[in-house]
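> Before we start, here is the structure in question, set down as structure tokens.
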Amino acid sequence: MACIGVRSFPSFAFSISAKAKPIREAAAGACGAPAEATREIDVESKLTGLRSVELGVPDVASDAKFYAEVWGLATVAEHRGAVYLRGTGAYHHILALHPRPATELLGITLAARSRADVDALHAAVTARGARSATNSAPVSEPGGGYAFAFKDPEGRIFRIIADDARHSDAAPVPDRPERLAHVVLNSADASAATKFLVDALGFKVSDRTRVMDFLRCNRDHHNVAFARSRASTLHHVAYLVPDLDSVMRGTGRMKDSGYPIEWGVGRHGPGNNVFAYFIAPDGAVIEYTAEVEEADDTHKVGGPQDWGFQPGRTDQWGITAPPSARIKAAQEKILFAGDLACSG
Ligand SMILES: [Fe+2]
């Protein structure tokens, strides 16, 4: 992979505590040994993690300003009207905002170990009937790499990439997202969607509940989850922050900036992660999360009978109100792009 030098972050509208907090195992990282690599698993999966989400949004400039000045990312590149934002981890960018008439999910990019594995995964998804798979080719957008894109059985666009640029200054920073933790997708046929990612990409099922399948391609309990729903929409995007205190301080920063908590602060069942949910200006549901459970081949896969909270609770702690009506509506609004325009 390419390795790019240290860059200065722009100044932020919020203060960052100077006191270092305990960091997670996955936080260590340097060029050639990116933070994300510490959670890889030596299974048959050729994927190493969830790299980025590509959104189409009506107002790229104001949306990018929110993600940089409030949410805690940093703009790393602009290209053909799109803005690319990074976390404090090694990935070149974890969010790309492209101009579109309405907010839509253009793609989900998963990192592979090598170009050879990109090609192998291309063969695997094609053999399993993926629609509109593009050929593997060099990527022309910022961050570069070698990738192909395909549609899963419900038409969601995934991209597999390797050899993309990584930052050499990866380090956890209190109150700021390091990288993506997971993407959750509403699915009209979650069982079929899960089977496709398991069979074609080597994902493993970590847990199943009455409403969701949780899948992993590294040691994170889940990188992707499918929620059983009436339609195929973006449920939410979760950003990993260093610790619980960062979830709380980030939540305070969002409240100060006029974005109320839509669900949380709480601790989930599957994944055992702490959470706080909000709605971004583009309409996407976004989550600060921390303390995500690690899972390996000894992980016992739970089923619906294993998960449930006592009446009146929607998390382990029991202090949060249920998800707001606003968040439930937002999770059904953002559709997937119909083309592969973001695959290059
Ligand atoms: Fe989540």
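Taken together, the values in this text are just the output of simple stated rules run on the coordinates, not laboratory data. Every value quoted in this text rests on a predicted model; they were computed, and no experiment measured them. Glycine also receives a Cβ, built like all others from the backbone with ideal geometry; neighbour counts cover every protein chain displayed.
> State, to one decimal in nm², a quarter of the convex hull surface area for the C-alpha atoms of the chain, i.e. the direction-averaged projected area.
Averaged projected area of the chain's Cα convex hull equals 15.6 nm².
> Rounded, prolate or oblate: which one fits segment 43-176, using the alpha carbon gyration tensor with axes a ≥ b ≥ c (rounded when a/c is under 1.5, else prolate when a/b beats b/c, else oblate)? It would help to have the intermediate numbers written out before the result.
Details: a/c = 2.14, a/b = 1.40, b/c = 1.53.
Oblate.
> Okay, moving on. Sort 147-154, 252-259 by the packing proxy (mean of other Cβ within 10 Å over each peptide's residues), most packed first.
So the peptides 147-154, 252-259, ranked by packing, come out 147-154, 252-259.
> Please list, in order along segment 109-116, the HN-Hα scalar couplings obtained from phi with the Karplus expression 6.51 cos²θ - 1.76 cosθ + 1.60 (θ = phi - 60°), rounded to whole Hz, x for Gly and Pro.
Couplings: 9, 10, 8, 10, 6, 7, 4, 4 Hz.
> Okay, moving on. Quote the FRET efficiency, to the nearest 0.05, computed for K195 versus Q310 with a Förster distance R0 of 25 Å and r equal to the Cβ-Cβ distance.
My answer for the efficiency is 0.20.
> What ranking do 63-72, 314-323, 299-308 get when scored by the average of other Cβ atoms within 10 Å per residue, highest first? Please list the in-between numbers first.
Numbers: 63-72: 20.7, 314-323: 14.0, 299-308: 12.4.
So the order, starting with the most tightly packed, is 63-72, 314-323, 299-308.
> While we're here: Could you order the peptides 186-197, 85-96 from most to least packed, using the average number of other C-beta atoms within 10 Å per residue?
Final packing ranking: 85-96, 186-197.
> Sticking with this structure for a sec: Which one of R128, R230, R80 has the biggest mean-square fluctuation once the chain is modelled by GNM with Cα springs under 10 Å?
Of R128, R230, R80, the most mobile in the Gaussian network model is R80.
> Oh, and also: Using Cα centres only, tell me the gap between segment 285-344 and segment 132-174 in whole Å.
Answer, in whole Å: 23.
> Just round it to a whole percent: the fraction of Cα-Cα distances in segment 201-289 exceeding 23 Å.
26
> Which entries of K204/K333; K195/K333; K300/K328; K204/K300; K195/K328; K65/K151 have Cα-Cα distances beyond 21 Å here?
Violating the 21 Å Cα-Cα cut-off are K204/K333; K195/K333; K300/K328; K195/K328; K65/K151.
> Let me ask another. Place a label point 7 angstrom from the Cα of K255 along the Cα-to-Cβ direction, then list the residues of segment 273-311 whose backbone nitrogen is under 16 Å away.
In segment 273-311, the label zone of K255 (backbone N under 16 Å from the point 7 Å along Cα→Cβ) covers 275-279, 288.
> Can I ask one more? With +1 on each Lys and Arg Cβ and -1 on each Asp and Glu Cβ, how big is the dipole of segment 94-148 about its Cα centre, in debye rounded to the nearest 20?
Computed about the Cα centre, the dipole is about 120 debye.
> Could I ask something else about it? Using the Cα centre as the reference, give the magnitude of the dipole from point charges on the C-beta atoms of the chain (Lys, Arg: +1; Asp, Glu: -1; all else neutral), rounded to the nearest 20 debye.
Dipole of the chain, to the nearest 20 debye: 380 debye.
> Is the C-alpha gyration tensor of segment 243-344 telling us rounded, prolate or oblate? Criteria: a/c under 1.5 is rounded; beyond that, a/b larger than b/c is prolate, otherwise oblate.
oblate
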